[in-house]
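Engineer: Dumping the structure here so I can ask a few things about it.
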Amino acid sequence: MADPTDTLPEVAFVPPASLADFAAPARAVLPAGVWDFVEGGSGTETTLAANRAALDRVAVLPRVLTGVDIPDTAADLPGGRYAQPVAVAPMAYQKLLHPDGEVALAAAARTAGVPYVASTVASAPLEEVAAAGGDVWFQLYWLRDRDLVADLVDRAHTAGCTALMVTVDVPVLGRRLRDVRNGFTLPPQVTAANLAGGRDDLAHRGAPGTSAVAAHTGAVFQPAMSWADLAWLRERTRLPLVVKGVLDPRDAVRAAETGADAVVVSNHGGRQLDGAPASATVLPDVVTAVGPRCTVLFDGGVRGGTDVLRALALGASGVLVGRPLLWALAAGGRAGAEAALGLLAAELRDALTLAGCADPGAARHLRTLIGG
């Protein structure tokens with residue numbers, strides 16, 4: 001006898017009304033420890049909270065009678081021109097959220113016409129992610145094994161990546177207390193797929209009161225990265241070089257002088273130095289300091305199109321979006337991620353229209369008030 005469920009129509013993914021609305025269904029399907037790994041910050045999570053609070057304090061002065069009908073959301077970022085001034089932030093171990101992990105999110109980014117940044121500690125190999133995505137940037141952590149660093153850079157070239165992003169704010173992993181309290185470890189099926197032989201066993205070896213991910217990071221990451229290393233990397237790659245994790249304008253200037261094509265103003269989503277300032281607070285100073293020497297991107301608390309507009313008005317050329325896309329991936333796989341990126345595009349179009357801006361470039365000329 002046939003199973004009556006065989007005749008039921010496939011239920012399509014129904015997207016929420018906002019990016020924030022993806023959080024609840026994601027939390028409902030994820031193990032508590034995985035939710036905390038994604039959501040948590042370091043220390044008392046002061047900086048994590050500050051990121052969102054700082055954006056909420058940014059008021060944008062809209063222009064009127066500008067004759068804008070349907071704005072063009074396209075923007076130039078390192079590596080090309082994209083449908084939005086948005087890139088998918090590098091995020092580790094996405095198979096924790098969904099079995100298709102990085103491949104699904106990269107495919108969603110391809111559909112949306114935005115770059116996907118593949119992490120060194122992805123749970124799918126770079127080559128698979130690059131094959132699934134459109135424009136893929138590779139994010140590099142500095143490792144103790146310089147030969148492995150060189151190999152990763154070469155793999156990024158061979159895979160057709162269009163930019164190289166080096167993260168410079170993780171000499172050691174921030175003390176993420178949720179993971180410590182949970183004794184968080186990676187499940188056996190989730191591995192650092194790009195780091196064969198890179199002490200991946202440590203990330204699966206749990207102990208009460210410790211984070212196995214932090215133990216793994218401590219074993220393979222090089223805490224003493226220097227400007228000389230950045231110069232070495234600049235000489236080794238022909239790709240646009242993006243330096244992520246800059247907060248002090250002096251460091252942004254030096255990165256530009258060392259050959260960076262872009263810097264990302266970021267406190268790592270509040271997951272590194274707790275007590276560091278919110279990214280939005282220091283963004284204007286970084287933009288002023290570097291001037292035309294390199295592109296400035298923003299990362300930290302973006303939850304919708306209005307936040308993209310705020311970052312542009314503060315001087316950024318584009319933003320990285322992180323946690324909301326992991327929520328969407330958990331809630332609906334590739335379809336969820338595509339829905340989230342489509343929603344972000346619609347919100348940005350609305351925000352640009354309401355602000356009287358024909359395109360993201362015009363938004364960079366808007367005035368802002370801090371505190372509303």
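The values are calculated or read from the model by the stated rules, or taken from the named source; none is laboratory data. Just so you know, these numbers come straight off a predicted model, no measurement behind them. Quick reminder, even Gly has a Cβ in these numbers, built from the backbone with ideal geometry, and neighbours come from all protein chains shown.
Engineer: Out of the residues in the range 70-87 meeting the condition of being over 17 Å from V302 (Cβ atoms) and in contact (Cβ under 8 Å) with a residue 40 or more places away in the chain, tell me which one is surrounded by the fewest Cβ atoms within 10 Å (Cβ to Cβ).
Structural biologist: The extreme case among them is I70.
Engineer: Look through the range 168-191, keep the residues that are basic (K, R) and assigned to a loop (DSSP other than H, G, I, E, B), and return whichever of them is farthest from the chain's Cα centre (by Cα).
Structural biologist: Filtering the range 168-191 for residues basic (K, R) gives 175-176, 178, 181.
So of that shortlist, the ones also assigned to a loop (DSSP other than H, G, I, E, B) come out as 175-176.
Details: R175: 20, R176: 18 Å.
In this case the residue turns out to be R175.
Engineer: Let me ask something else about it. Here is a list: V129, V153. Which entry is surrounded by fewer than 22 Cβ atoms within 10 Å (Cβ to Cβ), within 21 Å of L297 (Cβ to Cβ) and in contact with a helix residue (DSSP H, G or I) (Cβ under 8 Å, 6 or more places away or on another chain)?
Structural biologist: One residue alone meets the criteria, V153.
Engineer: If a residue has to be more than 14 Å from L230 (Cβ to Cβ) and in contact with a Leu (Cβ under 9 Å, 6 or more places away or on another chain) to count, how many in the range 159-171 make the cut?
Structural biologist: Going through the range 159-171 one residue at a time, the tally reaches 4.
Engineer: For the range 221-250, which residues satisfy the criterion of being surrounded by 20 or more Cβ atoms within 10 Å (Cβ to Cβ) and among the basic types (K, R)?
Structural biologist: K244
Engineer: Scan the range 94-110 for residues that are among the small types (G, A, S), out of contact with any Lys or Arg (no Cβ under 8 Å at 6 or more places or on another chain) and in contact (Cβ under 8 Å) with a residue 40 or more places away in the chain and report the count.
Structural biologist: 1
Engineer: Which of the residues that make up the range 217-259 are under 30 Å from P188 (Cβ atoms) and more than 21 Å from the chain's Cα centre (by Cα)?
Structural biologist: Result: G218, A219, V220, Q222, P223.
Engineer: Also, quick follow-up: Tally up the residues in the range 235-264 that are part of a helix (DSSP H, G or I) and either within 20 Å of S317 (Cβ to Cβ) or of a type in the set (S, T, Y) (or both), please.
Structural biologist: Residues flagged as part of a helix (DSSP H, G or I) and either within 20 Å of S317 (Cβ to Cβ) or of a type in the set (S, T, Y) (or both) within the range 235-264 amount to 8.
Engineer: Continuing with this model, one more query. Just a yes or no: is a residue in the range 29-48 at pLDDT 95 or above, over 26 Å from Y141 (Cα atoms), of a type in the set (G, A, S) and buried (at least 17 other Cβ atoms within 10 Å of the Cβ)?
Structural biologist: Checked against the condition, which is being at pLDDT 95 or above, over 26 Å from Y141 (Cα atoms), of a type in the set (G, A, S) and buried (at least 17 other Cβ atoms within 10 Å of the Cβ), the range 29-48 yields no hits at all.
Engineer: Something else now. Test V64 against the criterion of being farther than 22 Å from V296 by Cβ and either free of Cβ contacts under 8 Å to residues at least 24 places away in the same chain or exposed (fewer than 14 other Cβ atoms within 10 Å of the Cβ) (or both), and give yes or no.
Structural biologist: Considered against the rule, which asks whether it is farther than 22 Å from V296 by Cβ and either free of Cβ contacts under 8 Å to residues at least 24 places away in the same chain or exposed (fewer than 14 other Cβ atoms within 10 Å of the Cβ) (or both), V64 comes out as yes.
Engineer: Please specify each residue of the range 192-204 satisfying the condition of being out of contact with any Gly (no Cβ under 8 Å at 6 or more places or on another chain) and either in a helix (DSSP H, G or I) or surrounded by 13 or more Cβ atoms within 10 Å (Cβ to Cβ) (or both).
Structural biologist: A193, N194, L195, G198, R199, D200, D201, L202, A203, H204
Engineer: I've got another one for you. Residue under question is A118, and the condition is that it be surrounded by fewer than 21 Cβ atoms within 10 Å (Cβ to Cβ) and under 25 Å from A328 (Cα atoms); does it hold?
Structural biologist: no
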